[in-house]
1. Looking only at region 109-128, count every residue that is out of contact with any helix residue (DSSP H, G or I) (no Cβ under 6 Å at 6 or more places or on another chain) and either part of a strand (DSSP E or B) or on the phi > 0 side of the Ramachandran plot (or both) and tell me the total.
2. Identify, by number, the condition in (1) under 18 Å from GLN119 (Cβ atoms); (2) among the charged types (D, E, K, R); (3) more than 14 Å from the chain's Cα centre (by Cα) that GLU4 doesn't meet.
3. Report yes if some residue within region 88-108 is outside any helix (DSSP H, G or I), in contact with a strand residue (DSSP E or B) (Cβ under 9 Å, 6 or more places away or on another chain) and in contact (Cβ under 8 Å) with a residue 40 or more places away in the chain; otherwise report no.
4. For ILE80, are the conditions met, namely being outside the structural domain of ASN12 (by TED's automatic domain parsing), over 21 Å from TRP19 (Cβ atoms), of a type in the set (A, V, I, L, M) and surrounded by 12 or more Cβ atoms within 10 Å (Cβ to Cβ)?
Amino acid sequence: MRIEHMALNVSNPLEMARWYVEHLGFIVQRRVMEPPWAHFLTDETGKVMLEIYGRTDIAPPDYGATHPGTLHLAFISKDIAADRDRLLKAGCTQEGEITPLPGGDEMTFLRDPWGLCLQLVKRVQPMI
């Protein structure tokens, strides 16, 4: 078995999906243009997929109150400072400084405009 997608119930799926396409480079694979407005988005590799949707019968989690250690979506970055600055201009908020890790990796956390924690990570040795 392998993972097909991870789903996020959010308050504004149309706007969030559009932002993820515009600012994180996701590609729309399928979308439903009626409630719950499900959007299946893949990263540039086409191997990682998120579903962003908005079910009104279930309250979306308070992503902004969720600690980064509990939930975050991690992105490989070749230049963390440049990507952080670009995403801050696009509406993210900073959740910490750029942190060097043992072994030479670097990472930082941001919050997307809906409060979901994004991690930018630069690995000395790629993990995938």
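1. 6
2. Result: GLU4 fails condition (1) only.
3. no
4. Answer is no for this residue.
For every residue, the table says whether it meets (1) free of Cβ contacts under 8 Å to residues at least 60 places away in the same chain; (2) exposed (fewer than 13 other Cβ atoms within 10 Å of the Cβ); (3) in a loop (DSSP other than H, G, I, E, B).
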residue: SER11; (1), (2), (3): no, no, yes
residue: GLU22; (1), (2), (3): no, yes, no
residue: ARG30; (1), (2), (3): yes, yes, no
residue: PRO36; (1), (2), (3): yes, no, yes
residue: LYS47; (1), (2), (3): yes, yes, yes
residue: LEU50; (1), (2), (3): yes, no, no
residue: ASP57; (1), (2), (3): yes, yes, yes
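The values are calculated or read from the model by the stated rules, or taken from the named source; none is laboratory data. Since the structure is predicted, the reported quantities are computational estimates derived from the model, not experimental observations. We place every Cβ from the backbone using ideal geometry, glycine too, and count neighbours over all the protein chains shown.
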